[in-house]
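Trainee: Sharing a structure here in structure tokens format.
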Amino acid sequence: MSVMQKVVTTVARYMPDAARDPLSDASGYIGHPLSRVDGSVKVTGAARFAAEYAPEDLLYAVLVCSTIARGRIAGIDTTVAEANPGVVSILTHRNAPRMKRPSLFDVTGQGQGCAPSDLPVMQDDVIRWNGQPVAVVIARTLEEAEFAATLVAVNYASEPARVSFDEHKADAIVPGDVIGEPPEVRVGDAETALAAAAVSVDAVYRTPWYNHNAIEPHAATAVWTADDRLTIFDSTQATRRFAATLGEVFDVKAANVDVIAPFVGGAFGGKGGLWWNSVLCAAAAKAVKRPVRLSLSREQVYRVVGGRTIAEQRVALGATQRGALTALIHTCTTVTPDHARYAEQCTFPARHLYATENLFVGQKIVHLDTVANTWMRAPGESIGTFALESAIDELAYALTIDPIELRRINEPTTDPTKGTPFSSRALTDAYARGAQQFGWGERTLQPRSQRDGGWLVGQGVATAYYPAYRFPGRARVALHADGTAHVYAAAHEMGMGTATVQLQHAAERLGLPIDRLFFHYGDSALPDSPIAGGSCQTVSIVAAVQTAVDGLREQLVELARRQGGSLAAVTMANSELRSGGLCLADGSQGEPFTTILQRAGKERIEAEGAAPMPMEMFKYSMGSYGAQFCEVRVREDSGEIRVSRWLASMDCGRIVNPKTAESQIRGGIIMGIGMALSEETLYDTRTGRIMNPSLAEYHVPVNLDVPHIDVLFNDIPDPHSPLGAHGIGEIGITGVAASIANAVYSATGKRIRELPITLDKLL
Ligand code: MOS
């Protein structure tokens, strides 16, 4: 068996390009619109992704997936497939390596599990969803494996499956928790207040299944370098948790599993859970004792990796004639199979956005025989804001109050359900700035009153909301006598600018020119960073780097004191890192750290640090906010919808890098346009089979569907968040669908409460 040469971790470095990034006139790195440091390797094709590592002796694995949703494998004949040229082995439940159940994803941060489902994979003959892997064909080439996979004959004993949401939603139950929060929250008596309200709205909103459709399909290349040592290149947003959970499944120590994710070609939550393809890739490599690559086809991503759940939500609002909310009810039912437990947090926005004395939010789940659902960009908040922010708009029309004014009237001063103060919240300011730049005041209030030839024109607005999470994490920072510095964290670069902003922060924190810095990431062997999810990565790593840099400064202070030169009186209290050295804070003395290291005869010093526990999340209500403004045009004769203008005015703490931040918000808005107008995963409710598992039939937005998008940031630092920053990976999609639905109402007078808003719903 071949031995995999340990591949160096991904290292990102800023390459000076004065024309593109005129850093000379920047006062600091934080807040500078630096271009992405990983940009050039990606556009030139030099970046290598998980399926592009080719260790010696590599074999290719292809999955065979079930074509029924529920039942048993009555027989499985692999003999014809095995006789084909190139086939090395075929795994089924009869001969697959014995594997343990993985732990489900644990949001408390204590456990390291990250499975979306705790099913043991290919360990028995039971079929639980249509698309479940039933065999793995391993061959010399991808083509041989793909062809042989078509020759595996499976006989199923089919049983009736639960697939239709409408048929089974009445069986919904209250889950134990919703990502660690109570499933129900009650303040006052919302139903009684609703019945007594002067003005009320009460409506049901429906959203379909969705899939992530990252451009890079899920892929892994696995190598067992010893019986109990696994190296796996995987397109994951959670290297450390993958290592821990793969360790559980194969009964080896987490430290013996090295998960390397050099670049990830989009994930959106779809690569945060350990799905069966990664497990089966490692199992195949173990079975044949050779390196194996398993890359899902686009169709198989739909079958093997879950997406966003279908959902039905009720929002009921009661208000006084002057617009003060007296009742807010938001309930929802979502789906999760009985081998998973993820209740999507649709009611989270309603817990934090509006002041009211009577509130009820409640979530239910219904078990269906589908692939496990999972997080998909702002899971819960994206579809939750569709319902809530549509209802607020409906109430505004019922009251004849401008929808922005209605939100201003009900802006809370403390968190409506937790009672805690807000760490930072300037949503009203974001609305005011956005309204001015968008020209909100120029629209007409009467629906269906604006026209441009055959097009009906309308404007909409909705609130964006996403919590500001921070998770515990670690980082290591090293200073070298050659004047460079290296930052190490098991972080993930999925295209959002992780490496870039971490270099900016570390350079500022160390007081070093940014081109002296190296950021090492994408490997579970590095210090423990959290999952790149929950929009937590930037601040989680920043907090750990701060601790590590403090540790480095302690070492420098100690060395400088012992050296007895101009810094003989330096202490932690009177010093700072600045201009490439250790300085007295009053600026009177300083020495380059290279001098301090050289005098001490040290090649390098390093410090590893853990971020303090994120206690601020308990003391304060911490969130990011925004106002999504849009204009749509609807063809009066055909119902065709075009989004013609977009402006997002965001309140997301301090912006570390406006260029990557605007990109994140734009990406979220584009995904939201898809969610609102064209995307939908279609299940055949008779068979539980996804009917449109391809980009030809699942319609993500393309360039012509997307208008120019203006993004404004309040850029107000949150005093309780590291660097004053918040994560911004997810908030961009929130509020988008409601803003579009509200604009469609403004244009046509038709209120569409079911996504996607396709033209048939407008005729
Ligand atoms: Mo995100 S849906 O937490 O990757």
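Please treat every number below as a calculation from the coordinates, not as lab data. This one's a predicted model, so the numbers in the text were calculated from it and none came from an experiment. Every residue, glycine as well, gets a Cβ built from its backbone with ideal geometry; the counts of neighbours run over all protein chains shown.
Trainee: Quick check on packing: order 168-176, 221-229, 531-539, 614-622 by the mean number of other C-beta atoms within 10 Å, highest mean leading.
Mentor: Descending mean neighbour count gives 531-539, 221-229, 614-622, 168-176.
Trainee: So how strong a dipole does the chain carry about its Cα centre when Lys and Arg Cβ are +1 and Asp and Glu Cβ are -1, to the nearest 20 debye? Write out the running numbers ahead of the final one.
Mentor: Numbers: 70 positive and 83 negative charges, 119 e Å.
Using only the charged Cβ atoms, the result is roughly 580 debye.
Trainee: Right, here's the next one. Can you give the Rg and Dmax of the stretch 617-658 based on its C-alpha atoms, in angstrom?
Mentor: Values for the stretch 617-658 (Cα only, Rg and Dmax): 17.1, 54 Å.
Trainee: Let me ask something else. Among Val711, Ala696, Ser746, flag the residue with its Cα farthest along the positive direction of the charge dipole of the stretch 675-763, charges on Cβ as +1 for Lys/Arg and -1 for Asp/Glu.
Mentor: Going by the charge dipole, the pick is Ser746.
Trainee: Give me the dipole magnitude in Debye, nearest 20, for the stretch 190-305 about the Cα centre, with unit charges on the beta carbon: positive for Lys and Arg, negative for Asp and Glu. Don't skip to the answer; put the middle values down first.
Mentor: On the way: 12 positive and 10 negative charges, 90 e Å.
Dipole of the stretch 190-305, to the nearest 20 debye: 440 debye.
Trainee: Karplus couplings for the stretch 566-572 from phi (6.51 cos²θ - 1.76 cosθ + 1.60, θ = phi - 60°), rounded to Hz, Gly and Pro as x?
Mentor: 5, 9, 4, 9, 6, 9, 4
Trainee: According to the square roots a ≥ b ≥ c of the eigenvalues of the Cα gyration tensor, what is the shape class of the stretch 352-490, taking rounded for a/c under 1.5, prolate for a/b larger than b/c otherwise, and oblate for the remainder?
Mentor: prolate
Trainee: A further question follows. What is the distance in Å between the Cα centroid of the stretch 76-105 and that of the stretch 451-482?
Mentor: One Cα centre to the other: 42 Å.
Trainee: Using only the alpha-carbon atoms of the stretch 64-110, report the extent along each of the three principal axes, biggest first, to the nearest angstrom.
Mentor: Principal axes ranked by extent give 49, 26, 16 Å for the Cα atoms.
Trainee: Over 10 Å intervals from 0, what percent of Cα-Cα pairs in the stretch 304-429 sits in each interval?
Mentor: Computed distribution, short to long bins: 13, 39, 30, 14, 3, 0.
Trainee: Name every cysteine in the chain that ends up alone, with no second cysteine's Cβ under 4.7 Å, or say none.
Mentor: Cysteines lacking a close Cβ partner in the chain: Cys65, Cys114, Cys281, Cys536, Cys583, Cys630, Cys652.
Trainee: Continuing with this model, one more query. Given the stretch 206-353, what whole percent of its Cα pairs are spread farther than 19 Å?
Mentor: Details: 6602 of 10878 pairs.
Pairs farther apart than 19 Å: 61 percent.
Trainee: Here's another thing I want to ask about it. Report, by chain and number, residues whose modeled amide H sits under 5 Å from the one on Ile68, excluding near sequence neighbours (fewer than 5 apart, same chain).
Mentor: The answer is Gly131.
Trainee: Using only Cα atoms, locate the centre of the stretch 314-329 and the centre of the stretch 407-442, then give the distance between them in Å, rounded to an integer.
Mentor: The stretch 314-329 and the stretch 407-442 have Cα centres spaced 17 Å from each other.
Trainee: Extension gain Glu191-Glu576, at 0.36 nm per residue separation less the Cα-Cα distance, in nm? Can you show the working numbers first?
Mentor: Working: separation 385, 0.36 × 385 = 138.60 nm, distance 5.77 nm.
Result: 132.8 nm gained on full extension.
Trainee: Now for a separate question. For the stretch 604-763, give me the percentage of DSSP beta bridges that are antiparallel, rounded to the nearest 5 percent.
Mentor: Values: 13 of 19 bridges.
Of those bridges, close to 70 percent are antiparallel.
Trainee: Choose one of Ala135, Leu479, Ala161: the residue whose Cα lies farthest towards the positive end of the charge dipole of the chain (beta-carbon charges +1 Lys, Arg; -1 Asp, Glu; about the Cα centre).
Mentor: Going by the charge dipole, the pick is Leu479.
Trainee: Could you calculate, for the stretch 606-763, the ratio of the Cα radius of gyration to the Kirkwood radius, expressed as Rg to Rh?
Mentor: On the way: Rg = 19.2 Å, Rh = 17.8 Å.
My calculation of the ratio gives 1.08.
Trainee: Mind checking which of Thr413, Leu388, Thr336 is farthest towards the positive end of the stretch 322-420's charge dipole, using Cβ charges of +1 (Lys, Arg) and -1 (Asp, Glu) about the Cα centre?
Mentor: Sorting the options by dipole projection puts first Thr413.
Trainee: Further, regarding this structure: Just for the chain, what percent of DSSP beta bridges are antiparallel, to the closest 5? Before the final figure, lay out each step's value.
Mentor: Working: 105 of 133 bridges.
Roughly 80 percent of the beta bridges in the chain run antiparallel, per DSSP.
Trainee: Based on the mean of other Cβ atoms within 10 Å per residue, sort peptides 731-739, 37-45, 177-185, 210-218 so the most packed one is first.
Mentor: Working: 731-739: 32.3, 37-45: 14.4, 177-185: 17.2, 210-218: 21.1.
Answer by packing, highest mean first, reads 731-739, 210-218, 177-185, 37-45.
Trainee: Something else: Could you rank the peptides 375-386, 188-199 by their average count of other C-beta atoms within 10 Å per residue, with the highest value first? Please list the in-between numbers first.
Mentor: On the way: 375-386: 30.1, 188-199: 16.3.
Result, highest mean Cβ count within 10 Å first: 375-386, 188-199.
Trainee: Another question, if that's okay. Ignoring everything except DSSP H segments at least 4 long, calculate the 222 nm mean residue ellipticity for the chain; use -39,500 (n - 2.57) per segment, divide by total residues, nearest 500. All intermediate terms of the calculation are to be shown ahead of the outcome.
Mentor: Working: 18 runs with 187 residues, N = 763.
Rounded to the nearest 500, the figure is -7500 deg cm²/dmol.
Trainee: Right, next: At a threshold of 8 angstrom on Cα-Cα distance, excluding pairs fewer than six apart, so keeping six or more, what relative contact order does the stretch 618-763 reach in percent?
Mentor: Working: 254 pairs, mean separation 53.0, N = 146.
Taking the mean separation of contacting Cα pairs over the length of the stretch 618-763, I get 36 percent.
Trainee: Please report the Cα spread of the chain along all three principal axes, rounded to whole Å, starting with the longest.
Mentor: 78, 76, 50
Trainee: So for the chain, averaging the separation of alpha carbon pairs under 8 Å that are six or more residues apart and normalising by length, what relative contact order in percent results? List each step's numbers first, then the result.
Mentor: Values: 2021 pairs, mean separation 127.4, N = 763.
Computed value for the chain: 17 percent relative contact order.
Trainee: If you plug each phi of the stretch 287-294 into the Karplus form 6.51 cos²θ - 1.76 cosθ + 1.60 with θ = phi - 60°, what whole-Hz ³J(HN,Hα) values come out, in order, with x for Gly and Pro?
Mentor: Once θ is set to phi - 60°, the couplings for the stretch 287-294 become 5, 9, 6, 9, x, 10, 10, 10 Hz.
Trainee: Then there's this: Can you figure out the FRET efficiency of Ser644 with Ala432, using R₀ = 22 Å and their beta-carbon distance, to the nearest 0.05?
Mentor: Values: r = 23 Å, r/R0 = 1.05.
Efficiency at R0 = 22 Å is approximately 0.45.
Trainee: Multiply the residue gap between Glu636 and Ala610 by 0.36 nm, knock off their C-alpha separation, and tell me the result in nm, one decimal place.
Mentor: Values: separation 26, 0.36 × 26 = 9.36 nm, distance 5.88 nm.
Contour length minus Cα-Cα distance gives 3.5 nm.
Trainee: Okay, next question. How large is the charge dipole for the stretch 379-497, taken about the Cα centre, if only the Cβ atoms of Lys, Arg (+1) and Asp, Glu (-1) carry charge, to the nearest 20 debye? If you can, show how the numbers build up before the last one.
Mentor: Values: 11 positive and 13 negative charges, 52 e Å.
Approximately 240 debye in magnitude.
Trainee: Also: For the stretch 159-243, calculate the relative contact order in percent as a whole number, restricting contacts to Cα pairs under 8 Å that are 6 or more residues apart.
Mentor: Values: 29 pairs, mean separation 10.0, N = 85.
Computed value for the stretch 159-243: 12 percent relative contact order.
Trainee: Let a ≥ b ≥ c be the square roots of the eigenvalues of the Cα gyration tensor of the stretch 19-153; is it rounded (a/c under 1.5), or, if not, prolate (a/b larger than b/c) or oblate?
Mentor: Values: a/c = 3.48, a/b = 1.80, b/c = 1.94.
It is oblate, given that a/c is not under 1.5 and a/b is not larger than b/c.
Trainee: For Gly113, list long-range residues whose amide hydrogen, built 1.01 Å from N in the peptide plane, is under 5 Å from its own amide hydrogen.
Mentor: Residues meeting the amide H criterion: Asp106.
Trainee: Then there's this: In a solvent-free Debye calculation with one equal scatterer on each Cα, what is log10 I(q)/I(0) for the stretch 465-597 at q = 0.22 Å⁻¹, listed in the order of the q values?
Mentor: -1.21
Trainee: Let me ask something additional. Which semi-axes, in whole Å and largest first, does the equivalent ellipsoid of the stretch 635-721 have when worked out from the alpha carbon gyration tensor as the square roots of 5 times its eigenvalues? Intermediate values should be presented prior to the final figure.
Mentor: Numbers: eigenvalues 219, 69, 23 Å².
Taking √(5λ) for each Cα gyration eigenvalue gives 33, 19, 11 Å.
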